[in-house]
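Every number here is computed from the coordinates shown, using simple stated rules; none is lab data. No experiment lies behind these values; they were computed from the predicted model shown. FYI the Cβ positions are ideal-geometry reconstructions off the backbone, even for glycines, and counts take in every protein chain you see.
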Amino acid sequence: MTAPVKINLVVNQRSSFVAGFIVTDQDDNKIDLADYTIEAKLKKDFTSPTTVSFATTTIAPASDGKLEISLTPEQTAPLSGSFVYDVAITNTSTNFKTRIAEGSIRVDPGVA
């Protein structure tokens with residue numbers, strides 16, 4: 001696997017949020033996610049004890065290396081300002097965990 005890709009995201013407050021990723025190895029081959037679990041979280045900053053977990057989904061077929069992370073309107077409603085996030089996958093056979101994406105999240109306020 002390669003170093004985590006840095007992607008900055010924008011979330012609209014009180015709205016659903018979905019972001020997709022394609023996981024590849026150092027030779028740009030797609031990773032079959034059938035034997036992996038996915039974890040994605042955001043925090044106000046790296047030292048914050050409070051985290052918000054994204055829902056995670058492997059997009060079929062798992063051999064295409066595609067995954068999505070998402071938040072509900074109820075999860076985005078109390079958010080405001082800037083956050084950090086990362087996405088990690090863990091091989092269920094070896095328990096080897098790899099961070100595949102990281103970055104900042106800006107939450108844009110909304111009225112509705």
Projecting the Cα atoms of PRO73, PHE54, ILE89 onto the charge dipole of the chain, where Lys and Arg contribute +1 and Asp and Glu -1 at Cβ, the residue farthest towards the positive end is PRO73
Where the only charges are on Cβ atoms (+1 Lys, Arg; -1 Asp, Glu), what is the dipole of the chain about its Cα centre, to the nearest 20 debye? 420 debye
Among SER82, SER15, SER93, which one moves the most in a GNM of the chain with springs linking Cα atoms closer than 10 Å? SER93
So, relative contact order of region 5-108 in percent, Cα under 8 Å, 6 or more apart, is 39 percent
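Grab the alpha carbons of the chain, take their convex hull, and tell me the volume per residue in Å³.
100 Å³
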Quick one: how many lysine pairs in the chain have C-alpha atoms under 19 angstrom apart, if they're 8 or more apart or on different chains? 11
